Structure formats: structure tokens, C-alpha cells
Amino acid sequence: MTLSSLPTKQKDETKRRMSCSTLLNQSLQLGFAKKWTSVSLRPRTSTCCTCQERSTLEPKKKRDRESRGEKNRSVTEDKSLISRSRISQQDSLPPLVGALKASAEKNAASFHFPGHNRGRAAPSSLTQLIGFRPFIHDLPELPELDNLFSPEGPILEAQMQAAKLFGSSETWFLVGGTTCGIQAAIMATCSPGEHIVLPRNSHISAISAMVLSGAIPKYIMPEYDCKWDIAGGVTPSQVGKAIKELEMDGKKPAAVFITSPTYHGICSNLSEISQLCHAYGIPVIVDEAHGAHLGFHPQMPHSALKQGADVVVQSTHKVLCSLTQSSMLHMSGNIVDRDRICRCLQTLQSTSPSYLLLASLDAARAQLGENPGTVFNKALELAIEASTLIKKIPGISVLDLASFNEFPAIDPLRLTLGFWSLGLSGYEADDILDRDHGVISELVGTQSITFAINLGTCREHNQRLVSGLKKLPTSSSHSKTTKKRVESREHAPFNDICISLNPRDAFFANKRRVSIRESLGKVCGELICPYPPGIPVMIPGEIITERALNYLLDVRRKGAVVTGASDSHLSSIVICDV
């Protein structure tokens, strides 16, 4: 029996999963016992690879002198490690991590993909960098490792434990990043021709989801602070207004999509937005890519799930500690069809998922679950310490709720700093910090820099950041850059949009290339998004305005990387030939 064929009622699903969990635990314990017994009686496949890794990295003279003793020690150490870990393996490791470890340690004659064959043919240029162990554990969908699209074993158990920790009714692991999850969430709730309410500064994955689903956008213009050149969240009143405007046209949105927190950590009032939408029977999807850690400390804002969201997509690899590209999709309540989410994920995700990514999600969940109430104590302490010290530095501003007083909170682990009083743009300040102090930020904008504090942040790095910031006034006075005060904008670059075609029709329309000035007033045929700040300035189907063109040219001149445009120099633009 597969999950897709089971009843969708939550009560029956819960009973079935509890039964699966019990059987799973019993079978895994028996399986681990058998595997560890067999492993202890013969050399592990990974032993020879570990020796090969060691000999590759060590100088030749040292290898010649120590090879015999090193080999003997390696065998002794391996046996000792096996003996110690045999006892506690099934209890100490997360379910998918444990299953991957046991499978990798089989003395198997491998006639399956991937072609590096458990590291035996791993490219030497990469093994010299990361070693052999990632290759040893880079395994395909073997029977003991379960199936991502129809999980019944360790993947199911890992996802159930994640759902329990994060407070969802069901959780799916994603190997295509939060982009894949957002696309699945919108496709699962919106059919072609239906409307979705979303902020105009949504991530580009929401735009691609409208192309895939055929949904028609009803945009909300987010709050915008000209001094910081930063867009905030959306308010409940803005959501209510958008719903009523559609009602006046005889339409009802199929979903409301909210980004909270934003890249800069600004949180929307999801509790009120969820209550409002649910009164209309409308599901709420939340892009919580930057908020997988929220709710795990009293000083942090509540999570989207806690505030009543129906579908939440998180980048577990951002503030939490899974591998890059791994994310989770959480569902709560019964407004959204879970089987439709499954079908969408099957359509979008790879049929050859990386078990390293999947296991890293399981491991990150276990790491967070060990001390969920205190795991962020140190990170919060460092963030508060840094913010307090930085506020004392003349000429540097720290973003707080005074600039966005319509919103309930800002993530305390995001520090966004402004440098206009020093006559520096964010790009210029970032160049100085990187070049002179080895300080690398998360996000750079025209007016600001954002620094992300996480579980790996240490006090020494905090001190280096503060020290570098203290020296910025001196560095800026000797800089060859323009010394005039950095000017702020009066309006957001996207607040005068006019939609001529919906994103799907624009995506498939015939197109042609014209010069940038000739494009004025035409229908844009490509998504053009400067990074930073990551807000699409032009979306396929929108009329190209002079303000949007000037903004793009300005931020590119100041150092932003423009993505999506086929001509990265912006001398020409692709338009819809309509």
C-alpha cells in the first residue's frame, strides 16, 4: 500500500501512521542488529576508501614512513568504533541518517548508480577537497532507504518526526529547495484562470509557480521604506482589500500567498491574515524560507504554523543546519488537499533525490529537537550583543520596527545596517568590510547590508564585524568613491505596475528583442530581478515603465547583479510580440 492510495481523513491517517511507526521501529531495530553483526565480521567497504583518502592527502615521505603502522591502527580503530556504535546505533541516530549509515557500511557488490560506485571512482579533484565519505553515502533509492514519493520506512519516520517538532499535520522533505515547495503549494491550490493574492515583492519562485499553474496574480504593494530602500511585509487590511476587490468582480482568490519573514527579517501579522482568509475559506500559503527557526525561543516571533497558516515552506538550510538546497513543506488543517500536494511534488521533484540532502534534513531536525527551547540561546546573545555595540557607532543605522511600525516583529537574528550618514552605499560598505576585514555579509542593497546570525556564529567573528564597522568612517573618508550623501528613493520601483498579460500567457507568447529605450511601454517578456534586493522589477506580462528602467540601470551601476535578463548589460530587453 502506498500513501497516495490511503484515505485522506486526518483521523484515519494518524492511526495508520502510528501503526506504521510502530512496525517501522521494530523492523529497523531487527535490521540494524543483523547489519551490525555482519559488519563486525568483515572489513567495511568504507575502510579501504578511508585509507585511500588518507594516503591521497598526506605527503609521500610521511606515507612511506607510517603506512604500516597507520594501516594497523586504522583496522583497530575501525573495529573499536563498530563495537561501540553497535550498541547505541538505532537509538542515537535519526531514522534516515541511521538507515543511510547502515546501507553505506554494507560490504556490497554494487552494480547500480551513481557511477562513482560508492566512492571507488570518485573524481580525485573533489575527493582531495571533501574526502571520500560524501561519495560513500551518496546512494540511490535502495529498498532499505525508502522512496521519497511513497515513503513507508525511514523517510516516512523522519518526516513524521519533523511534523511533530514543527507542529504540522504532515511534512514533506524537499530536495529542490524552497522554490520547489512554493511551486507545489501554489499548483496544489490554484488551477488555471484562478486568482492568487500575493505581494509584488514575492520570490521569483512564486512567479514561476503562476506560469506552471496558470494562476492570475492579484498583487499587493508591500510597505516600502524609501530611506532604507527596503520592502516590508503586507498587512491584514491590505489582504482584506484585495479579497474584496476581487469579490466586486465576482471572483474569489484560490489562495493568499505571504512572505514572512522577508529577507530582512520583517514579519507580517499572520494570525490576523489567517483568521481573515479562513473566514472566506481561503487557504494561506507562507513562504517562510527565512524563518525555519522561528518559534524555538521566547524572544523569537511565532512561526507561521503557530499563527494558523495552511501550507508553509521553509529553507531548512538557511538558519538551520541542513545541506544547501534542502527544505521542508509543512501542511496544517484540512483546507488544502494533501493528495494534490503529493502529486505536485511528484511532478516537480527529482526522481533521483540525493539521500545526503534528505539525511541532512533528518539530522537538522534532530539537532533542533535535542534542546528546542534553548538551542538558539547563544545565537540570540551574540545578535543582541552585536546590535547593542553597533548602535553606538556614529554614522551607522540599525533597522528596527520604527521603520516598519505596522508589523509585529523583526527576526532578532537579522542585523540590517545603513551607511548613508557616512556617504556610503551598501555596496561600498560591503566591499570595504570584505576587502579589509574579511567580513562577508548575507545580503547587500543600495542603502544597507544584512548580516545573518546563526548557530555557527562565534564571538570572535562578532568582534571582527564590530571592529570593521568602527573603522568604516575612516575607510570611507579615504575612499575613492563619491563622497556625497547617498540618496534615497521616493517610491518603490514596482508601485505603478500595469498587467497586460498573465505570467503564463506572457511566458509562452512570441517574443523579440529591442533596445532598452525602445522597450518603454511594451509588454515585458522576461523576469528581471536585481540581486540584491531580490525584488522582481519587471515580470513577464507587465508594461515596461520609465521608473522601472531607471531603477534597473541605477542599481546595476551601483553593483547589483541583475538576474533573469538575457542581456545582463541591460542594453536590450526581450518583449512579448503582441
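The values are calculated or read from the model by the stated rules, or taken from the named source; none is laboratory data. Quick caveat, the model's predicted, so the values are computed rather than measured. With ideal geometry, Cβ positions are generated from the backbone for all residues, glycine too; neighbour counts draw on all protein chains shown. Side chains are part of the model used for accessible areas, which takes the heavy atoms of the whole protein and leaves out ligands, DNA and RNA. Shrake-Rupley method; radii C 1.70, N 1.55, O 1.52, S 1.80 Å.
Once the C-beta distance of Arg464 and Val578 is scaled by a Förster radius of 56 Å, the resulting FRET efficiency is 0.55 to the nearest 0.05.
Computing the accessible area with a 1.4 Å probe over protein heavy atoms, can you report the carbon and sulfur percentage for the range 184-235? The computed percentage sits at 55. Per residue, the accessible area of the range 197-253 comes to 35 Å² when a 1.4 Å probe rolls over the protein heavy atoms. The H on the amide N of Ser448, modeled in the peptide plane, is under 5 Å from the matching H of Gly426, each at least 5 residues off or on a different chain. Both radii are taken from the alpha-carbon atoms of the range 319-463; with Rh as the Kirkwood radius, Rg/Rh is 1.06.
What percentage of all Cα-Cα pairs in the range 392-465 are separated by more than 17 Å? Here the tail beyond 17 Å accounts for 48 percent of pairs. Nonpolar atom fraction for the range 381-452, defined as the carbon and sulfur part of the 1.4 Å probe accessible area, stands at 48 percent.
Across the range 436-451, rounded Karplus estimates of 3J(HN,Hα) from the backbone phi angles (6.51 cos²θ - 1.76 cosθ + 1.60, θ = phi - 60°) give 9, 10, x, 9, 10, 8, 8, 9, 10, x, 4, 10, 8, 10, 10, 10 Hz, Gly and Pro being marked x.
Note on Ser237/His302: beta-carbon distance plugged into 1/(1 + (r/R0)^6) with R0 of 22 Å gives a FRET efficiency of 0.65. With the simple model of a label 7 Å out from the Cα in the direction of the Cβ, Leu246 to Ala109 spans 6.0 nm. Selection among Leu345, Val398, Gly369 by position relative to the dipole of the range 321-398 gives Val398 as farthest towards the positive end (Cβ unit charges, Cα centre). Using a 1.4 Å probe on the protein heavy atoms, what percent of the accessible area of the range 239-362 belongs to carbon and sulfur? That fraction is 48 percent. Cα-based Rg of the range 137-222 per 2.2 N^0.38 Å, rounded to two decimals? Rounded to two decimals, the normalised Rg is 1.36. Entry comment: accessible area of the range 506-562 is 42 Å² per residue, from protein heavy atoms only and a probe of 1.4 Å. Segment Glu406..Leu389, full-extension length gain: 3.5 nm, with 0.36 nm per residue of separation and the alpha-carbon distance subtracted.
Full extension of the chain between Asp339 and Leu553 gives 72.5 nm of extra length, using 0.36 nm per residue less the Cα-Cα distance. Per-residue surface analysis assigns Lys244 an accessible area of about 120 Å², computed on protein heavy atoms at 1.4 Å probe radius. Dipole magnitude for the range 274-391: about 60 debye, using +1 per Lys or Arg Cβ and -1 per Asp or Glu Cβ, origin at the Cα centre.
In order along the range 181-197, phi translates into HN-Hα couplings of x, 5, 4, 5, 5, 6, 5, 6, 10, 10, 9, x, x, 7, 9, 10, 8 Hz, rounded to whole numbers, per the Karplus curve 6.51 cos²θ - 1.76 cosθ + 1.60 with θ = phi - 60° and x for Gly and Pro.
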